[in-house]
Structures are given as C-alpha cells and as structure tokens.
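The values are calculated or read from the model by the stated rules, or taken from the named source; none is laboratory data. Just so it is clear, the structure is predicted and the values come from calculations on it, not from any experiment. Backbone-built Cβ (ideal geometry, glycine too); neighbour counts: all protein chains shown. The protein model used for the area step is the full one, side chains on, heavy atoms only, and it has no ligands, DNA or RNA in it. Shrake-Rupley method; radii C 1.70, N 1.55, O 1.52, S 1.80 Å.
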Amino acid sequence: MQEMRNVIILGCGRSGTSAVAGSLITANPEYLRDDYVPARISNPDGTFEPIAVRSINEGILARVVPKRPPQVEVSDIPTQWQRWLARIPLETLIATTPSINAKINNITKKKPYCLKDPRFSYTLEVWKPYLQDTVFVCMFRHPAETAQSILRFVEEFELMN
C-alpha cells in the first residue's frame, strides 16, 4: 500500500476549497483531525479547516493587516477570523516569529496531513520550511462567481461590521 502524501489546499475563500478538502478527508480517514471549524449555513458540510491552522494563519496576518480603529463601526479592515478577506499588497513581507514557527512545526509533525485554509494564499511562505513530501492543490473558480459568493457571505454574516 502506498504511503499517503501530505496535502495543502489553498485558494481564494469561497472558491471550492472546502469541497475538495472534504472529499479528500472523507475518502482518506488518515487525514481526519478533531479540531475542525464547525459546519454552518455557508458550509453545511463543513469547511474542513483545522481551528489550530486557522489560528496560526490569523496570527501571521494580524502582524500585517492594519488594526481597525476602535471608534469605527463599519470598515473594510477585517478583524479576527476575517483576515482571509484582507487586501494585502503583493510586496508585503509576511514575517514569522519563533512562537509561530513552533506551532507550525507541531501541526506538521502529525503525518499525513491535509490542511486547508484560504489564508494560505498569504501565509504559505511561512509554512513552506515545515512541509515535507507535500502536494499542493490550488483551487480556482470563476472570479465573478467567487466575488459574488464572498459578497453574499459578508452580507449574510455582517462580517465587516
């Protein structure tokens, strides 16, 4: 029997990454983790995003996404758990810390892994030194459909308030 490969799934949020992760994880129980973000209306079958991975990536992005001024009620600056919606210039250096590195190392020690988070589109360079024998699945969906889905998601959950 062939050994399972490690997998990183990335792509814009609302582009089908959850469906791919769900398919791989359901077909290969070795990938299963016990800390997924719970299913909700926008992803009734689940997002298959490990809370620990999401938390690490949020911590990485918190270092580069400007903080929302406290007196501002509505803003286009995402806050905690919304940073997958951030607009980060391509030239921005996404730095790490020893604490973040230790957390990533801990996550990637358990093999095989199948990790999915739309924030990987920004944070993958920080993770790369810890990813061995890993395949990358990058999801693409028609940009207009993805944008409509993001707008619907933001509106339904009032994320930018």
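Observations on the structure shown:
- Condition check for GLU58: among the acidic types (Asp, Glu), in contact with a Ser or Thr (Cβ under 9 Å, 6 or more places away or on another chain) and open to solvent by less than 40 Å² (accessible area, probe 1.4 Å): no
Residues are listed down the side, and each one gets a yes or a no for (1) open to solvent by 90 Å² or more (accessible area, probe 1.4 Å); (2) at pLDDT 85 or above; (3) closer than 15 Å to ASN6 by Cα:
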| position | (1), (2), (3) |
| --- | --- |
| VAL65 | no, yes, no |
| ILE77 | no, no, no |
| GLN82 | no, no, no |
| ILE107 | no, yes, yes |
| THR123 | no, yes, no |
| VAL137 | no, yes, yes |
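- Any pair with Cβ under 6 angstrom, 6 or more apart, that starts in segment 115-129 at a residue that is in contact (Cβ under 8 Å) with a residue 40 or more places away in the chain and farther than 15 Å from GLU49 by Cβ and ends at one that is open to solvent by less than 10 Å² (accessible area, probe 1.4 Å) and of a type outside the set (D, E, K, R): VAL126/ILE60
- Check on GLN148, in a loop (DSSP other than H, G, I, E, B), of a type outside the set (A, V, I, L, M) and either over 24 Å from THR26 (Cβ atoms) or at pLDDT 95 or above (or both): no
- Single match in LYS103, LYS111 (criterion: charged (D, E, K, R) and either open to solvent by less than 60 Å² (accessible area, probe 1.4 Å) or outside any loop (DSSP other than H, G, I, E, B) (or both)): LYS103
- Residues in segment 84-99 that are open to solvent by less than 50 Å² (accessible area, probe 1.4 Å) and among the small types (Gly, Ala, Ser) were compared, and the one that is nearest to the chain's Cα centre (by Cα) is ALA86.
- Across segment 35-55, the number of residues qualifying as of a type in the set (D, E, K, R) and surrounded by 19 or more Cβ atoms within 10 Å (Cβ to Cβ) comes to 2.
- Flag if ILE25 is within 15 Å of LEU124 (Cα to Cα) and touching a helix residue (DSSP H, G or I) at 6+ places or on another chain (Cβ under 7 Å): no
- Positions within segment 1-34 being surrounded by fewer than 12 Cβ atoms within 10 Å (Cβ to Cβ) and within 16 Å of VAL53 (Cα to Cα), in sequence order: LEU32, ASP34
- When ARG14, ARG83, ARG54 are checked against the criterion of being under 23 Å from TYR130 (Cβ atoms) and touching a residue at least 40 places away in the same chain (Cβ under 8 Å), ARG54 stands alone in meeting it.
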